[in-house]
Amino acid sequence: MQSIFTYCPHCGSKDIEFPNLVRFLCHQCGFTYYHNIAAAVAVIFRKKDQILFTVRNIDPDKGKLDLPGGFIDPDENAESAVCREVNEELGIHIEPQQLRYITTHPNNYLYKDIPYRTMDIFYECDLDIPVSVRAQDEIKSLQWIPISEIDLNKIGFISVKTVIEKYYLNNEI
Ligand SMILES: [Zn+2]
């Protein structure tokens, strides 16, 4: 894997290593930086036998199906992150008590050539009110898709694809 840094950001030395893009180490000055995984959330909104998907309007995976959600902010818990992201993306208010925990799954998120690794936390939530896109820069459109008609090839992220397949298409919930 190619290194994403050429120089140490602390002393400017080229005597650096960054194996597997996990721990950056400068052999000259000892500068150390851990590129730890980030925590993210996703919510599976249910309306009877349908699931709400977003169509991504930005890379990575622009044009592919995704779920509402995003990165957890510092000092925020996972349920609050879901409620905040849902409000930002869809303009609706939900409460943490409405969320049912499903599972977690690791994901890859390549953003501007930086390969971020995340741990995605999945929740399910019933939704019987109309929704529309609020964050049009991030989301192109919304699609309610019956579970029996979900095409996994149209889903971008491996975490979303795996969880939908395992817990909804194969009914392991
Ligand atoms: Zn250095």
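The values are calculated or read from the model by the stated rules, or taken from the named source; none is laboratory data. Since the structure is predicted, the reported quantities are computational estimates derived from the model, not experimental observations. Please note: Cβ atoms are built from the backbone with ideal geometry, for glycine as well, and neighbour counts cover all protein chains shown.
Some observations on this one:
- The stretch 24-36 - residue that is within 30 Å of THR103 (Cβ to Cβ) and either polar (S, T, N, Q) or at pLDDT below 95 (or both) and, of those, nearest to the ligand (Cβ to nearest atom): HIS35
- Looking across the stretch 121-166, the residues that are closer than 13 Å to ARG46 by Cα and in a helix (DSSP H, G or I) come down to ILE147, ILE164.
- Residue count, the stretch 6-15 (criterion: within 19 Å of ASP113 (Cα to Cα) and either within 11 Å of the ligand (Cβ to nearest atom) or under 24 Å from the mean Cα position of the chain (by Cα) (or both)): 3
- Residue count, the stretch 88-116 (criterion: surrounded by 15 or more Cβ atoms within 10 Å (Cβ to Cβ) and modelled with pLDDT of 95 or more): 11
- When the residues of the stretch 5-22 are filtered to those that are within 30 Å of VAL163 (Cα to Cα) and either at pLDDT 95 or above or of a type in the set (A, V, I, L, M, F, W, C) (or both), the one that is surrounded by the most Cβ atoms within 10 Å (Cβ to Cβ) is LEU21.
- Filter result (at pLDDT 95 or above and surrounded by fewer than 16 Cβ atoms within 10 Å (Cβ to Cβ)) within the stretch 38-48: ALA38, LYS47
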